[in-house]
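What follows draws every value from the coordinates through simple rules; no lab data is involved. The shown structure was predicted, so the numbers you read here are calculated from the model rather than taken from an experiment. With ideal geometry, Cβ positions are generated from the backbone for all residues, glycine too; neighbour counts draw on all protein chains shown.
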Amino acid sequence: MSLNIEAFHQRRQRVLDRMGEGVMVIATAPETVRNRDAHHPYRFDSYFYYLTGFTEPEAVLVLVAGAQPQQLLFCREKNLEREIWDGFRHGPEAAREAFGFDAAHPIAELDEQMPRLLENSPALHYAIGHDPAWDGRVVGWLNAVRAKTRSGVQAPERLVDARGLLDEMRLFKDSFELELMRRAADISAAAHIAAMRATRPGRHEYEIEAELLYAFRRQGAEAPAYTSIVAGGANACVLHYVFNNQPLKAGDLLLIDAGAEYRGYAADITRTFPVAGRFSAAQRDAYEIVLAAQAAAIAQVAPGRPWQAPHEAAVKVLVRGMVDLGLLKGEVDGLIEGEAYKRFYMHRTGHWLGLDVHDAGEYKQAGDWRPLQPGMTLTVEPGLYIRPADDVPEALWHIGIRIEDDVLVTEAGCELLTRGAPKAVAEIEEVMRHD
């Protein structure tokens with residue numbers, strides 16, 4: 001799938017239009033040392049990539065809005081010797097041409113050129129407070145401009161957090177983004193099927209994690225979108241369990257929360273299934289409750305519905321199920337109002353999804369849950385986590401279940417992006433048959 005350079009150019013133009021006047025500065029992420037002279041695998045900054053499509057480190061985007069708008073890139077110079085060690089780099093001129101900028105300059109010139117670009121500009125937009133080192137650097141540019149005030153030069157009067165404007169843009173996915181997200185979802189769904197087929201008693205959580213990673217890379221994903229959770233038995237009751245080092249036991253459930261990153265875009269899928277391939281009666285009862293809660297939540301994903309609606313629908317089904325299972329006693333409405341359910345379901349039912357797993361975008365506007373609109377992408381992920389206790393039926397001990405899918409809000413309702421990953425009891429048991 002080729003990179004759609006025009007899509008990035010159009011996003012930059014939209015930013016310039018919305019800024020009106022001013023200068024925006026967006027830096028990519030730095031390279032990070034893992035230990036000694038070994039680095040973590042490099043991953044660009046999401047805001048920077050959203051506007052550029054450029055994946056090299058040591059790069060900065062500068063947008064100048066006004067009567068003479070400019071789209072500028074600062075990046076590493078060509079260096080054939082370093083390319084022998086580290087691989088290809090575009091260099092400014094090739095990057096300008098390949099990525100559609102008005103001009104590109106060596107990154108070493110950034111501190112020299114920024115004061116000039118900020119002269120007489122009414123506002124500077126950047127991610128205030130995101131990186132103290134960048135805050136200090138920006139102050140240096142502003143002070144350099146202020147030093148010229150006696151000659152009639154004015155420094156920007158306003159500092160604006162660029163994330164406000166960009167978060168709102170990123171919340172609504174364009175057709176190019178959705179193409180990438182569908183691919184990430186398909187890759188991730190296939191990986192979950194591979195994990196189900198590889199699971200059996202006696203294997204270890206890390207072996208199943210390896211199946212996921214292999215399936216991601218084999219299908220062209222760059223990396224996991226986040227650290228995979230492969231949690232057997234009681235470990236599934238730990239929401240962010242990532243040790244993935246325990247043996248899998250017959251009679252236990254296995255919860256896998258894992259998604260691929262494809263061209264920067266994340267998928268996020270959770271499936272829960274029996275290690276030995278068949279649900280026990282108690283496991284099935286609990287699982288069907290979570291599955292019904294998810295169905296009720298997904299039914300609430302439609303234009304005009306408030307963000308909170310899927311969560312409220314899921315909670316109502318879950319609490320009714322908790323009463324049926326003997327986990328809670330009382331009237332459903334009262335248990336919801338008193339939040340008694342949080343003992344067994346303590347997280348919310350979803351989050352925005354995109355370039356980041358927990359993607360950019362506000363959940364409320366003017367104090368109210370914002371209405372869902374076409375182009376928004378979110379997860380729907382109810383769960384049930386049952387730890388041993390005197391008032392909990394023993395058959396339910398150590399049952400942790402979460403079912404998570406990625407959903408696009410459409411004009412007509414919603415599209416389930418991750419429908420390729422089985423979740424009905426019969427489907428799961430069929431996939432896991434080892435004839």
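Alpha carbon centre of the stretch 129-193 versus the stretch 30-91: separation in Å? Taking the Cα centre of the stretch 30-91 as reference, the centre of the stretch 129-193 is 14 Å away. The simple Förster model, with R0 at 45 Å and r as the Cβ-Cβ distance, assigns Arg34 and Ala94 a FRET efficiency of 0.95.
Protection proxy ranking of 114-120, 73-79, by the mean of other Cβ atoms within 10 Å over each peptide's residues and highest first, is 73-79, 114-120. Sketch the reach of a paramagnetic label on Arg18 as a point 7 Å from Cα along Cα-to-Cβ, and name the residues of the stretch 155-186 whose backbone nitrogen lies under 13 Å away. Output list for this probe position: 161-174. Using only the alpha-carbon atoms of the stretch 282-330 as identical scatterers, what base-10 log of I(q)/I(0) does the Debye formula give at q = 0.24, 0.28, 0.29, 0.31 Å⁻¹? Values returned for q = 0.24, 0.28, 0.29, 0.31 Å⁻¹ are -0.80, -0.95, -0.99, -1.07. For Glu77, the amide hydrogen comes within under 5 Å of the amide hydrogens of Ile107, counting only partners 5 or more places away or on other chains and with H modelled in the peptide plane. Amide H contacts under 5 Å for His125: Val23, Met24, Val25, Val160, restricted to partners 5 or more places along the chain or on a different chain, H placed in the peptide plane at 1.01 Å from N.
Cross-link partners of Lys342 among lysines, defined as those whose alpha carbon lies under 18 angstrom from its own and excluding same-chain residues fewer than eight positions apart: Lys316, Lys329.
Highest mean packing comes first when the peptides 376-387, 39-50 are listed by Cβ atoms within 10 Å, giving 376-387, 39-50. Remark on the chain: Rg and Dmax equal 24.9, 84 Å (Cα only).
What value does the stretch 172-431 have for Rg/Rh, both radii from Cα atoms and Rh as Kirkwood defines it? Intermediate values should be presented prior to the final figure.
On the way: Rg = 17.7 Å, Rh = 18.5 Å.
Result for the stretch 172-431 is an Rg/Rh of 0.96.
A Förster radius of 45 Å combined with the Cβ-Cβ distance from Glu430 to Ser2 puts the calculated FRET efficiency at roughly 0.75.
When the chain is fully extended, how far beyond the present Cα-Cα distance does Glu337 get from Leu213, taking 0.36 nm per residue of separation? Can you show the working numbers first?
Working: separation 124, 0.36 × 124 = 44.64 nm, distance 4.17 nm.
Computed gain between Glu337 and Leu213 is 40.5 nm.
In this rough spin-label picture, where each label sits 7 Å from Cα along the Cβ direction, the Trp397-Val160 distance is 6.0 nm.
On the principal axes of its alpha carbon atoms, the stretch 126-262 extends 78, 33, 22 Å, with the longest extent given first. In this label model, Arg387 and Leu416 are separated by 3.2 nm, measuring between points 7 Å along each Cα→Cβ vector. Note on Ile428, Ile401: ascending count of other Cβ atoms within 10 Å places them as Ile428, Ile401, the fewest first. List the residues of the stretch 310-346 whose backbone N lies under 19 Å from a point placed 7 Å from the Cα of Tyr363 along the Cα-to-Cβ direction. Residues 310-319, 336-346 qualify, since their backbone N sits under 19 Å from the label point. Comparing mean-square fluctuations of Ala260, Ala296, Ala191 from a GNM of the chain with C-alpha springs under 10 Å, the top value falls on Ala296. The slack in the chain from Val139 to Lys329, taken as 0.36 nm per residue of separation less the alpha-carbon distance, amounts to 62.5 nm.
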